[in-house]
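A quick write-up on the structure given underneath.
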Amino acid sequence: MSKRSDPLARLPIPLLEWYGEHARKLPWRADPTAYHVWLSEIMLQQTRVAAVLDYYRRFMDAAPTVGDLAQLPEERLMKLWQGLGYYSRARNLKRAAEQIVERFGGEFPREYEAIRSLPGVGDYTAGAVASIAFGQAVPAVDGNVLRVVARLTADEADITLPATRRKVAEKLGEIIPTAQPGQFNQAMMELGATVCIPNGAPLCDQCPAAEFCLARRKGLTDRLPVKAPKKDRKIEERTVFLVFYDNKVALRKRPAKGLLAGLWEFPNELAPAAHALSDWEIAGTSTPGGTARHIFTHIEWHMAAVMVEAQNDRLPDGWVWAGRQELERQYAVPNAFRGFESAVRDRLGHF
């Protein structure tokens with residue numbers, strides 16, 4: 001295929017010109033050190049830019065260097081991450097920071113393979129850090145990039161397949177500008193995030209590739225990219241116990257492994273949970289506390305809360321009483337329980 005007829009080969013120059021004019025001003029782009037790029041890319045996994053900005057700034061205040069992150073206590077780490085979800089990302093950040101200190105003397109590794117060896121770092125993140133921070137001509141292929149390439153080339157391959165991702169990475173490796181690899185990768189991500197968007201019609205009139213996009217020419221933009229249908233989620237009915245005593249609410253810590261590992265939660269059990277309070281030896285007056293739903297990747301929780309005014313302050317081993325200030329500053333309660341925040345707030349006051 002000639003360069004003139006190959007849409008990917010034609011892409012770099014107009015894409016980089018477009019990016020120079022339309023790139024969003026983001027804090028990690030203002031100072032693209034490896035640490036800043038890595039932290040932002042991990043935060044942005046499964047998360048919108050707008051939701052990440054405040055978290056990124058708070059992390060920079062709490063851990064301005066890799067060494068600071070390596071020494072950050074886990075409870076503080078989880079509190080900083082509270083609300084971002086996918087909490088294994090935060091733990092992998094700390095594990096990787098510890099390895100950078102131990103294996104690389106506190107200096108972020110420069111080579112792709114070394115970056116790729118860090119906990120929680122895959123091909124995409126390694127490519128992003130290596131290209132943006134160190135100028136290496138390696139692609140960074142995320143969902144945005146896969147969508148852009150699928151539409152640009154009218155490729156109907158399933159983008160959820162590893163083979164498709166490898167093929168796209170190989171094609172991009174052939175066209176990535178060696179003088180501006182980081183700019184190119186960021187421009188591809190930006191195009192997918194703001195113009196060639198998911199879950200809606202692409203804004204083709206704003207696209208620098210509109211003239212030679214094959215999906216646009218063939219009327220396929222609404223059909224591409226192709227994704228295999230997701231499996232149905234497992235639904236769990238759960239009872240959540242909001243146990244109060246003396247302007248405090250009971251929390252317990254989840255197991256160290258599994259869903260929401262190591263986070264603090266309002267005690268809950270699979271429904272029916274009629275004997276839970278007696279099993280925990282908690283006596284008190286119970287009233288309904290509302291319902292909520294939370295969707296994880298593979299599981300969906302349907303929750304009904306019970307509000308309990310405990311008769312005394314005895315709790316099972318490992319549980320704690322948390323007042324308003326502790327909920328604000330110390331204990332990381334995941335978003336799964338956000339639907340009950342108003343009930344707890346009304347009982348304890350704003351947090």
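The values are calculated or read from the model by the stated rules, or taken from the named source; none is laboratory data. Note that the structure is predicted; figures quoted are calculated from it, not measured. FYI the Cβ positions are ideal-geometry reconstructions off the backbone, even for glycines, and counts take in every protein chain you see. In case anyone asks, the SASA skips ligands and DNA or RNA and just uses the protein heavy atoms, side chains included. Shrake-Rupley method; radii C 1.70, N 1.55, O 1.52, S 1.80 Å.
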Among the candidates THR287, THR297, single out the residue that is open to solvent by 20 Å² or more (accessible area, probe 1.4 Å), under 13 Å from ALA336 (Cα atoms) and among the hydroxyl-bearing types (Ser, Thr, Tyr).
THR297
Within the stretch 159-187, the residues that are touching a helix residue (DSSP H, G or I) at 6+ places or on another chain (Cβ under 6 Å) and not in a helix (DSSP H, G or I) are ILE159, ILE176, PRO177
Over the stretch 254-266, the set of residues at negative phi, open to solvent by less than 60 Å² (accessible area, probe 1.4 Å) and modelled with pLDDT under 95 is ARG254, ALA261, LEU263
Can you work out which of the residues in the stretch 31-67 that are open to solvent by 60 Å² or more (accessible area, probe 1.4 Å), modelled with pLDDT of 95 or more and part of a helix (DSSP H, G or I) is farthest from LEU93 (Cα to Cα)?
ASP54
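Hey, can you tell me all the residues within the stretch 81-116 that are hydrophobic (A, V, I, L, M, F, W, C) and in a loop (DSSP other than H, G, I, E, B)?
Initial filter on the stretch 81-116 (hydrophobic (A, V, I, L, M, F, W, C)): 81, 84, 90, 93, 96-97, 100-101, 104, 108, 114-115.
Scanning the stretch 81-116 gives LEU84, PHE108.
Only one residue in GLU309, GLU341, GLU269, GLU328 is open to solvent by 60 Å² or more (accessible area, probe 1.4 Å), part of a helix (DSSP H, G or I) and among the acidic types (Asp, Glu). Which one?
Numbers: GLU309 fails: part of a helix (DSSP H, G or I); GLU341 fails: open to solvent by 60 Å² or more (accessible area, probe 1.4 Å); GLU269 fails: part of a helix (DSSP H, G or I).
After applying the criteria, what remains is GLU328.
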Could you count how many residues in the stretch 139-163 are in contact with a Pro (Cβ under 8 Å, 6 or more places away or on another chain), among the aliphatic types (A, V, I, L, M) and open to solvent by 10 Å² or more (accessible area, probe 1.4 Å)?
1
Just wondering, is there one or more residues in the stretch 205-219 that are out of contact with any Lys or Arg (no Cβ under 9 Å at 6 or more places or on another chain) and open to solvent by less than 40 Å² (accessible area, probe 1.4 Å)?
yes
Neighbours by Cβ (under 6 Å, 6+ apart or cross-chain): first from the stretch 31-49, more than 18 Å from LEU69 (Cα to Cα); second of a type in the set (Ser, Thr, Tyr) and not in a helix (DSSP H, G or I):
GLN46/TYR86
